[in-house]
Each structure stands twice: as structure tokens, then as C-alpha cells.
Amino acid sequence: MTLDRFDRFHGLLLLLVAGGLVLLLAVAESGGGRSAAGVDKAMEQALDYQARVAFVQKLYGPVEDLRRDGQLQQALLKLDELERRYPGEAHGYILRGEILGEMGVLAEAVASYVAALRLNGDYVDARSPLSRQTEIRQLVDDGLRILGGQARSHPENLSLAAAVKNVHYLQSRLAGGCE
């Protein structure tokens, strides 16, 4: 059987259509993989948050207990011990800021929160289980009122100026700003 030009053309056209279908199926499957990968990534992020919350609760539970009992100095000592073992852990700085705030040492509390947020921005993310937006907002309000007033009264005091700068940093992070 001989193939004339018409038959060859149809055969080539049939091969191109079949190849296009195979390519279309391959692209469609990889697109489905992308959405499945997105679901997997969201699931992985949720599991990471759960693991992080469990780790933080287990690690800093004794500090929280001391703080609840009003033993703030002992809680700070325990935090020092934990910071030596876990130097890059932001939650320790958050707890230190909360304790210092309770003790009335506002400038140091603000500095501690700033250190925590520079390590981990989850503490200002409303969707994070570790969010401390309310506490940080209250600290910013107090800082602007108290530290801002003191800085205006004593413009030569560089440590007060640095504390006000830290308050403004917290304020910008609450407003959605980043580093």
C-alpha cells in the first residue's frame, strides 16, 4: 500500500493532535499537583505552628508558673537559664518583656519585645497562635504616653530617646511594617 501526500498529511496531523493531547494531560496533572502542594504546604504550616506552640508551652511552662505565683525575680532567673540553652528563642524575650512590664520597667520591657519581634514576627501576626498583638498594643500606648513624655522633658537623655525609638518600631510592626 502506498501512501500519497494526502495520507501522509493526515498521519502527521493525527500525530500532532495526539502529541498535543498528551502534552495537555501532562500540564493538567502538574497543575493539580501544584494545588495539592499548596494544600500540603498549608497543612505543614499548621503542623509547624502546633509543634511550636507545644514546644513553647513545655519549655516556658515553669516560667509562666513562677510568674503566675508572683515570683517575678525567680521567673527572670529561669528565663536567663533558658536563654543560655536556647539563645535564639523569641518567646523568652516576649516573657521577659511581660515580666519587666509587670515590674514597671517599661523601657526594658519595650526593648525585650523589640528583640523578640526581630527574631520572630509571628507575635504581631493576628493569625498566629503565638500572637501578642493586644499586649504589644498596650505596651505601645503606655510607652508613647510615659516614655514619650519623659523624652520630651529630658531631650538630652539618649536612653529615653532609644526607648521611644523602640516604641515606634513596635508601633510600625503593629501597623504591618517589617524590618
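Derivation of every value follows stated rules applied to the coordinates shown; laboratory data play no part. Note that the structure is predicted; figures quoted are calculated from it, not measured. Cβ: placed from backbone, ideal geometry, glycine included. Neighbour counts: every protein chain shown.
Place the peptides 94-101, 80-87 in order of packing, highest mean first, counting for every residue the other Cβ atoms within 10 Å and averaging per peptide.
Result, highest mean Cβ count within 10 Å first: 94-101, 80-87.
Got a sec? Which residues in segment 122-162 would a label at A175 touch, if it sits 7 Å along Cα→Cβ and we count backbone N under 15 Å?
Zone members listed by number: 137, 140-141, 144.
Of the listed peptides 57-70, 103-116, what is their order by residue-averaged count of other C-beta atoms within 10 Å, with the highest listed first?
Taking the mean over residues of other Cβ atoms within 10 Å, the ranking is 103-116, 57-70.
Diagonalise the Cα gyration tensor of segment 101-179 and give the resulting equivalent ellipsoid semi-axes, square root of 5 times each eigenvalue, largest first, whole Å.
Semi-axes, largest first: 23, 12, 10 Å.
Nearest 0.05, what FRET efficiency do E81 and E156 give at R0 = 35 Å with Cβ-Cβ as r?
Result of the calculation: an efficiency of 0.40.
Which value in Å is the Kirkwood Rh of segment 3-175 over different Cα pairs?
Hydrodynamic radius (Kirkwood, Cα only) of segment 3-175 equals 20.0 Å.
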